[in-house]
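> Next up is a structure, given as structure tokens.
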Number of protein chains: 2
Amino acid sequence: MTTRATGLSSPWGMAFLLDGRLLVTERTGGLKLLSGEGSVLGNVGLALPNLVVEGQGGLMDVALDPAFASNGRVYLSFSERDPGNPALNGTAVARGELSADARTLSNVTVIYRQQPKVASTAHFGSRLVFDREGRLWVTLGDRRTNEQRGFAQDLTRGNGKVVRITTDGAPAPGNPTWPAGALAETWSYGLRNPQGAAVHPATGDLWTSDHGPQGGDEINRTVAGANFGWPLASHGQEYGTTTPVGPQTLAGTVGPAWVWNTRDGQPWTGGAMSSPAPAGISFYTGTAVPQWNGNLFVTSLAGRALWRLTLDGNTVTGQERLLASRNQRLRDVEQGPDGALYLLTDDGQLLRYGP
Amino acid sequence: MTTRATGLSSPWGMAFLLDGRLLVTERTGGLKLLSGEGSVLGNVGLALPNLVVEGQGGLMDVALDPAFASNGRVYLSFSERDPGNPALNGTAVARGELSADARTLSNVTVIYRQQPKVASTAHFGSRLVFDREGRLWVTLGDRRTNEQRGFAQDLTRGNGKVVRITTDGAPAPGNPTWPAGALAETWSYGLRNPQGAAVHPATGDLWTSDHGPQGGDEINRTVAGANFGWPLASHGQEYGTTTPVGPQTLAGTVGPAWVWNTRDGQPWTGGAMSSPAPAGISFYTGTAVPQWNGNLFVTSLAGRALWRLTLDGNTVTGQERLLASRNQRLRDVEQGPDGALYLLTDDGQLLRYGP
């Protein structure tokens, strides 16, 4: 484990460029260019109108276009203020073109906006992952208020959804068929605050992490058309109580592939639950650490650790809790071109974990 | 009083462009472009090698070249890591050229470095102000450790100094004559952490604010060649004690033009002192608020207020404590093109104060 960079400002997401350099988003609004060794090479010039940095919101994830080598396109998720009513905001996705020297992102256009915008500073989602067909998955939180969490079951609203869009922001061809009135970009629903997303290297499925309430943190195989149950079904409890949010299973909903009801992953033995608070996730496809191959790595904020989940097909078979001794809130994990894992910490560090 | 912007990340310094737009530095490394109305228009693309964002350090002040209209030059102060020994850092000044659209700062060159670099994350200074001859004053802190505070009296070191340099970073012509071995860029010395600086509109003198220890916060008329006494003479006390740092006056040193020994500016009545912690300062030269004309405005961090100091020539004749009800740490103040005062707060706001 080596610390590659310090002094980043609430780093949230990252994307490796083809030459090994790294773009890192800072929730406070910066997009930083780092060398492969972690030196901060500079701030990328960038205009994101109506960016709101408040609570959990700000600049969040970054993803490269599948054809980045030829078109230089970069996608950013961020919380966007409603210019007509500054009390309201919502997750949005912008697309821009990175200059050849990677110092400027120009022609920045907002291609997608979560609807409706609401008065909240929490539960934005919002990871960006391309599928194998070049469509963009965007994870969207429920925006947290008691009313809004119910909207995760409402197909006419963007709360608590995964959407799948084209690079122009339109609903992607091949999305599930929904009842009339549903948002056509919807991929799956019934989520709370999915803050991690990764494509399974063998199946192409989208896997996500989801912040449960008190307990009930989840890993979901986010298949097309599925309802993951929030807030009708959950393994978690209402905050400050031992009252279950709902039943753990419910007909018509899909249960999690993995669930945590304690912050450190020990079995829950009754009483109040707690939450590791999972954020960014990545499947490991490298050979540098052979025993990691095919594992799903899950960062943890409140749990201050990195989870290594082993899988057999679509079944999670076990977990290992790593890096807890560092005692850092971990926000995102990506596999680097060198086959190591790269981690972002809420206290501003880029870590390299690997041989 | 209106809040013009929120969500800035530890904003530290600002400079109005000729068209009324505003550059704001964020200590966490960002340089933001704002409209005159406070909308964040974007991040300015920028490379500051070896920027270290830690403790009180990071990206700090910004100033425009006196010939900015023709040369587009912008100056930034920041804390710079020693590439050869990452434990060490020091205040540095970089110069760059702002593109016509104000979206990119290119050809960034470090023109000046405080010497020596030390292992500390505090007391960097570092305000940038041009004098009437187009020379650049840079305020430099003592770097705080017990050993380093003594260096404020050592003319061979940059600790606790004001320096005056050319736009290429060389010692400016007309600087005071010093003993052999002294740094030729030195303008005045014996300061602790001068975090505010402004040119008096009538005299052209440099006035600075200085963080005292516990008590002993100062406003200094920072005339050429003067020794302001730190740490040999001070009005303040050693932290956590009632022990004076030294005598209040000392032959050969120049006393402050104003001093605070209590956080709220009430007379000190014995016991432990406290400090308003003054940061950015500005003389008001506008007519929008006639009764402010010629006053010196001083932001206060721990004191969470704006001081209005009245002057008669070089004598401070009184103080008024403003904006205390907002209860915000105020970092910098500048007069805007509309004759109002603009303030930056540590919690990320740009405020407009005026009619």
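> Of all residues in segment B:91-122 being open to solvent by 50 Å² or more (accessible area, probe 1.4 Å) and not small (G, A, S), which is farthest from the chain's Cα centre (by Cα)?
Applying the filter and picking the extreme gives B:D101.
> Can I ask one more? Taking the stated definitions as given, is B:R331 touching a Leu at 6+ places or on another chain (Cβ under 8 Å), surrounded by fewer than 22 Cβ atoms within 10 Å (Cβ to Cβ) and not aliphatic (A, V, I, L, M)? Working first, answer last.
Working: touching a Leu at 6+ places or on another chain (Cβ under 8 Å): yes; surrounded by fewer than 22 Cβ atoms within 10 Å (Cβ to Cβ): no; not aliphatic (A, V, I, L, M): yes.
In short, no.
The rows are residues; the columns are (1) in contact (Cβ under 8 Å) with a residue 60 or more places away in the chain; (2) hydroxyl-bearing (S, T, Y); (3) part of a strand (DSSP E or B).
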{"residue": "B:A15", "(1), (2), (3)": "yes, no, yes"}
{"residue": "B:G20", "(1), (2), (3)": "yes, no, no"}
{"residue": "B:L23", "(1), (2), (3)": "yes, no, yes"}
{"residue": "B:G29", "(1), (2), (3)": "no, no, no"}
{"residue": "B:L33", "(1), (2), (3)": "yes, no, yes"}
{"residue": "B:A69", "(1), (2), (3)": "no, no, no"}
{"residue": "B:R81", "(1), (2), (3)": "no, no, yes"}
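> Name the residues in segment A:12-25 that are within 18 Å of B:N50 (Cα to Cα), open to solvent by less than 10 Å² (accessible area, probe 1.4 Å) and of a type outside the set (V, I, T), would you?
As a first pass, look at segment A:12-25 and keep what is within 18 Å of B:N50 (Cα to Cα): A:21-24.
Filter again for open to solvent by less than 10 Å² (accessible area, probe 1.4 Å), leaving A:22-24.
Scanning segment A:12-25 gives A:L22, A:L23.
Per-residue answers, yes or no, for (1) in contact with a Ser or Thr (Cβ under 9 Å, 6 or more places away or on another chain); (2) polar (S, T, N, Q); (3) crowded, with 21+ Cβ neighbours inside 10 Å:
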residue: B:V245; (1), (2), (3): yes, no, yes
residue: B:T249; (1), (2), (3): no, yes, no
residue: B:P256; (1), (2), (3): no, no, yes
residue: B:V259; (1), (2), (3): no, no, no
residue: B:S275; (1), (2), (3): yes, yes, yes
residue: B:Q291; (1), (2), (3): no, yes, no
residue: B:G303; (1), (2), (3): yes, no, yes
residue: B:N314; (1), (2), (3): yes, yes, no
residue: B:Q319; (1), (2), (3): yes, yes, no
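> Tell me, yes or no, whether segment B:40-56 has at least one residue that is within 20 Å of the chain's Cα centre (by Cα) and of a type in the set (D, E, K, R).
yes
> Find the residue count for segment A:151-169, including only residues that are farther than 19 Å from A:N220 by Cβ, touching a residue at least 40 places away in the same chain (Cβ under 8 Å) and either in contact with a Pro (Cβ under 6 Å, 6 or more places away or on another chain) or open to solvent by 20 Å² or more (accessible area, probe 1.4 Å) (or both).
Residues meeting the conditions: 3.
> With the structure loaded, tell me whether A:G336 is of a type outside the set (D, E, K, R) and open to solvent by 10 Å² or more (accessible area, probe 1.4 Å) or whether it fails that test. Even if it seems obvious, please write down each step before you answer.
Details: of a type outside the set (D, E, K, R): yes; open to solvent by 10 Å² or more (accessible area, probe 1.4 Å): no.
No; evaluated as a whole, the condition is false for this residue.
> Restricting to segment A:52-67, name every residue that is in a loop (DSSP other than H, G, I, E, B) and of a type in the set (A, V, I, L, M). Give the steps one after another, and end with the answer.
Initially, segment A:52-67 is screened for residues in a loop (DSSP other than H, G, I, E, B), giving A:52-58, A:65-67.
Matches in segment A:52-67: A:V52, A:V53, A:A67.
> Of the conditions (1) under 23 Å from B:T156 (Cα atoms); (2) in contact with a strand residue (DSSP E or B) (Cβ under 6 Å, 6 or more places away or on another chain), B:G84 clears all except one; give me its number.
B:G84 satisfies every listed condition except (2).
> In segment B:67-90, is there at least one residue being over 22 Å from the mean Cα position of the chain (by Cα), on the phi > 0 side of the Ramachandran plot and not β-branched (V, I, T)?
Yes, segment B:67-90 contains at least one residue that is over 22 Å from the mean Cα position of the chain (by Cα), on the phi > 0 side of the Ramachandran plot and not β-branched (V, I, T).
> Restricting to segment B:15-35, and then to whatever is charged (D, E, K, R) and more than 8 Å from every other protein chain (Cβ to nearest Cβ), can you tell me which residue is farthest from the chain's Cα centre (by Cα)? Walk me through it before giving the result.
First pass over segment B:15-35, keeping only residues charged (D, E, K, R): B:19, B:21, B:26-27, B:32.
Applying the additional criterion that residues be more than 8 Å from every other protein chain (Cβ to nearest Cβ) yields B:19, B:21, B:27.
Numbers: B:D19: 24, B:R21: 21, B:R27: 13 Å.
Here the answer is B:D19.
> Another one. Within segment A:44-70, can you find the residues that are open to solvent by less than 20 Å² (accessible area, probe 1.4 Å) and either within 17 Å of A:R4 (Cα to Cα) or more than 8 Å from chain B (Cβ to nearest Cβ) (or both)? First the steps, then the outcome.
At the first step, the residues of segment A:44-70 found to be open to solvent by less than 20 Å² (accessible area, probe 1.4 Å) are A:44-46, A:48, A:52, A:57-63, A:65.
Scanning segment A:44-70 gives A:G57, A:L59, A:M60, A:D61, A:V62, A:A63, A:D65.
The values are calculated or read from the model by the stated rules, or taken from the named source; none is laboratory data. Values in this document were obtained by computation on a predicted structure and should not be read as measured data. We place every Cβ from the backbone using ideal geometry, glycine too, and count neighbours over all the protein chains shown. Areas reflect the complete protein model, heavy atoms only, side chains present, ligands, DNA and RNA absent. Shrake-Rupley method; radii C 1.70, N 1.55, O 1.52, S 1.80 Å.
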